[in-house]
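First the structure, in the form of C-alpha cells, and then the observations on it.
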Amino acid sequence: MEFKFFVGVDVSKETLDFAVYGEEKLLLERHATNDGTGIKEFLTELKKHFSAQPAQFVFCMEHTGIYCNHLLNHLGKQKIPVWIENPLAIKTFFGIDRGKSDRVDAQRIAEYAYYKRSKIRIWEPPRDVIKKLKNLLSIRDRLVKTRKALQVSITAADGFVDRDLVNTNRKITEPIIEKLNVQLKIVERKIQELINKDPELKQLYSILNSVTGIGSIISASMIVATNEFKDIDDPRKMACHSGLAPFIYESGTSIRGRSKVSHRANKKLKTLFHLAARAAITAKGELKDYYLRKVAEGKNKMAVLNAVGNKIIHRAFACVKDNRLYEKIYLPALVKP
C-alpha cells in the first residue's frame with residue numbers, strides 16, 4: 001500500500017496534537033480536543049487541505065491505552081489506516097533529544113513514520129470479544145495483586161511485631177482475602193464463559209491450553225497480547241516481547257559480556273511464561289529432562305527457565321500455525337500410521 005501523507009499524533013487525555021509529514025517536510029500542524037467534535041473537525045480539514053482519499057493517509061501514534069479510543073473509533077469508521085508504534089522505537093530513532101512538548105512529539109512521530117514507511121505495520125483492531133477478555137484479565141490481575149498485598153501484610157509482620165497486632169491484622173484482612181477469592185472465581189468463570197461462547201476464540205484457547213505448561217490464564221493472556229496471533233505471529237518476536245530471548249553483548253576484543261535478556265520487556269508476560277516453565281519442568285517429559293540436564297551441566301537455573309519458556313512459546317505458535325492440539329509425542333503426517 002502506497003501512502004502519501006503521514007500523520008503523527010500525540011495523544012493525551014484531553015487533547016490531540018497532529019502533524020502531517022510528506023515530501024520530506026512538515027506540511028500541516030493542528031491542535032484538537034480529544035473528543036468526537038475535535039477529531040471530526042480535523043479529519044474534515046485534512047481531506048479538504050490535501051484533496052486526498054482516506055487510503056492515502058496513515059495515522060501513526062504511540063499506544064496510550066484508553067486515551068486512543070476516540071480517535072481509533074473515528075479512523076476505523078472512515079477506513080483510514082492506523083500504525084500503532086512502540087514509544088521506545090520512536091525515541092531511539094531520534095537519539096538524544098532536547099526539549100519536549102506535545103507539538104514536538106507529534107512532529108517526531110510523523111517524521112518517524114515517513115522515514116520508516118518501509119517498516120509500516122497496519123494496526124488491526126481487536127474484536128469486541130477480545131476487548132472484553134482483556135478487561136476481565138485486567139480485573140483478575142488487580143484482584144490477585146490486592147490479595148497478595150494483604151497476604152504479605154499478615155506473614156511479613158509475624159514474629160516482628162506484637163502478637164496482638166498480628167492477630168488484629170489477621171482478623172481484619174482474612175475476611176477480605178476470602179471475599180477476594182470468591183470474586184476471583186467469579187471473574188475466572190466469566191472468562192471461561194466468554195471464551196466458550198465464541199467458536200474461534202474457543203478453538204484457539206483449546207490449542208494453547210493443550211501445550212505442556214500453559215494453563216487457562218496464560219492461554220487467555222497470550223490471545224490478548226497477540227490479538228489472536230494477528231499482531232504477533234512470530235514466536236521469536238513473542239519471546240523478545242516477553243523478555244525471554246537472550247541477546248549477545250560483544251564488541252571487538254574489549255567487551256565480552258554474557259548473553260542476557262533485555263529489561264525492555266512485558267514484565268507481566270515474562271512472569272506468566274516463568275510460571276508456565278515451572279509447571280512444565282514438574283511434569284514428566286522432554287522439558288523436565290532438558291531442565292535437569294542443563295542444570296547438571298552448571299547452567300544458571302533462571303537462564304534455563306528462560307530457555308524452557310522460549311521452547312513453550314515456539315511450541316504454542318507452531319500448534320496455532322498448524323491449527324492442531326499439542327502432542328507430547330508428535331510424528332509428522334507422512335510417518336503417522
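Read the figures in this text as sums done on the coordinates, not as results from a lab. Not measured: the values here are computed from a predicted model. Ideal geometry is used to build each Cβ from the backbone, glycine not excepted, and the neighbour counts take in all protein chains shown.
At a glance:
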{"quantity": "Dipole of the chain [Lys/Arg +1, Asp/Glu -1 at C-beta], most positive-end residue of Thr64, Ser51, Asn306", "calculated": "Asn306"}
{"quantity": "Antiparallel %, DSSP beta bridges [both residues in the chain], to 5", "calculated": "70 percent"}
{"quantity": "Net charge, Ile191 excluded, C-beta distance under 10 Å - Lys, Arg +1, Asp, Glu -1", "calculated": "+2"}
{"quantity": "Signed unit charges on C-beta, dipole axis of segment 80-135, positive-most listed residue Pro87, Ala106, Pro125", "calculated": "Pro125"}
{"quantity": "Reach of Lys100 by Cα under 14 Å, taken over aspartates and glutamates that are not fewer than 8 positions away in the same chain", "calculated": "Asp10, Asp17"}
{"quantity": "Partner aspartates and glutamates for Lys119 [C-alpha distance under 18 Å; skip if fewer than 8 residues away on the same chain]", "calculated": "Glu2, Glu23, Glu24, Glu62, Glu85, Glu111, Asp231, Asp233, Asp234"}
{"quantity": "Contact order normalised by residue count of the chain, Cα under 8 Å, 6+ apart, percent", "calculated": "13 percent"}
{"quantity": "Descending semi-axes in Å of the chain, equivalent ellipsoid built from Cα gyration tensor", "calculated": "40, 28, 24"}
{"quantity": "Full-extension gain in nm, Lys145 to Lys13, via 0.36 nm per residue minus C-alpha separation", "calculated": "44.9 nm"}
{"quantity": "Entries in Lys284/Lys328; Lys48/Lys116; Lys4/Lys116; Lys131/Lys190 that, when Cα-Cα distance is taken, lie over 19 Å", "calculated": "Lys48/Lys116"}
{"quantity": "Ratio Rg/Rh [Cα only; Rh per Kirkwood] for segment 128-197", "calculated": "1.18"}
{"quantity": "Sparse-neighbour loop sites [GluC sites (Glu not before Pro); segment 1-68; at most 12 other C-beta within 10 Å; DSSP]", "calculated": "Glu2, Glu14, Glu23, Glu24"}
{"quantity": "Angstrom value of the Kirkwood radius, inverse mean 1/r, which spans all Cα pairs in segment 65-183", "calculated": "19.2 Å"}
